[in-house]
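One structure below.
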Amino acid sequence: ATERTLSIIKPDATNRNLTGKINAKFEEAGLRIIAQKRIHLTKAQAGKFYEVHAERPFYDELCEFMASAPVVAQVLEGEGAIAKNREVMGATNPADAAAGTIRAEFAQSVGENSVHGSDAPETAAAEIAFFFSGLELVG
Ligand code: CMP
């Protein structure tokens, strides 16, 4: 089925001017960017977005990092978009990411791993609503 998923191009990637190269990977995989905005999150906003990880040891570092520079939040649409996006991103840790994936090519570490993608339909819906209103999704 056609799905929508929330993607974030993270500060390590925007700092290195990689937005276009990462978007090309999504588009080459057949994902359509139906909404996109560049935003500099506050640490509190990053903390809210990653609330599910609040008890993890890396939570504070993760929130600091996500608020350290602008990110590009985007909605990707396509057949099986959630799984397809995760395939294009590659494993969370770039050391484990398959060749040709975004994280294999661009990520610097497990924390500075260039992109985020929703992991399931429920989280995708919640994460899309965190950044975008319905009017901003132009499929
Ligand atoms: P993401 O898909 O955005 O979801 C949660 C993020 O936490 C994950 O990508 C990683 O960037 C980050 N993360 C996971 N494990 C670690 C870790 N050990 N140290 C720092 N950050 C981590």
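The string of couplings for segment 106-113 from the Karplus curve (6.51, -1.76, 1.60, θ = phi - 60°) is 10, 5, 9, 6, 5, x, 8, 10 Hz, one whole number per residue in order, with x for Gly and Pro. Summing charges over all other residues whose Cβ lies under 14 Å from the Cβ of residue 52, with Lys and Arg as +1 and Asp and Glu as -1, gives -3. The local environment of residue 139, defined by Cβ-Cβ distances under 10 Å, has a net charge of +1 under the rule Lys, Arg +1 and Asp, Glu -1. Counting only lysines at least 8 places from residue 84 when in the same chain, those with an alpha carbon closer than 23 Å to its own are 10, 21, 25, 37.
In this label model, residue 108 and residue 138 are separated by 3.3 nm, measuring between points 7 Å along each Cα→Cβ vector.
With the simple spin-label model, which puts each label point 7 Å out from Cα in the Cβ direction, the residue 126 to residue 40 separation comes to 2.9 nm. Here the Karplus curve 6.51 cos²θ - 1.76 cosθ + 1.60, taken at θ = phi - 60°, turns the phi angles of segment 133-138 into couplings of 8, x, 5, 8, 8, 10 Hz, with x standing for Gly and Pro. If each DSSP helix of 4+ residues adds -39,500 (n - 2.57) and the sum is divided by the residues in the chain, what number results at 222 nm, nearest 500 deg cm²/dmol? Counting only the DSSP helices, I get -10500 deg cm²/dmol.
The Rg/Rh ratio of the chain, with both radii computed over alpha carbons and Rh defined as the Kirkwood radius, is 0.93. Normalised per residue, the accessible area of segment 1-112 is 51 Å², obtained with a 1.4 Å probe and no contribution from ligands, DNA or RNA. Overall, the accessible surface of the chain at a probe of 1.4 angstrom is composed of carbon and sulfur to the extent of 51 percent.
Excluding same-chain neighbours fewer than eight residues apart, the aspartates and glutamates reachable from residue 48 by a Cα-Cα span under 13 Å are 60, 64, 127. Dipole magnitude for segment 32-139: computed about the Cα centre from +1 point charges on Lys and Arg Cβ and -1 point charges on Asp and Glu Cβ, it is near 300 debye.
The values are calculated or read from the model by the stated rules, or taken from the named source; none is laboratory data. The shown structure was predicted, so the numbers you read here are calculated from the model rather than taken from an experiment. Note: ideal-geometry Cβ built from the backbone for every residue, glycine included; neighbour counts use all protein chains shown. Surface accessibility is based on the protein's heavy atoms, side chains included, excluding ligands, DNA and RNA. Shrake-Rupley method; radii C 1.70, N 1.55, O 1.52, S 1.80 Å.
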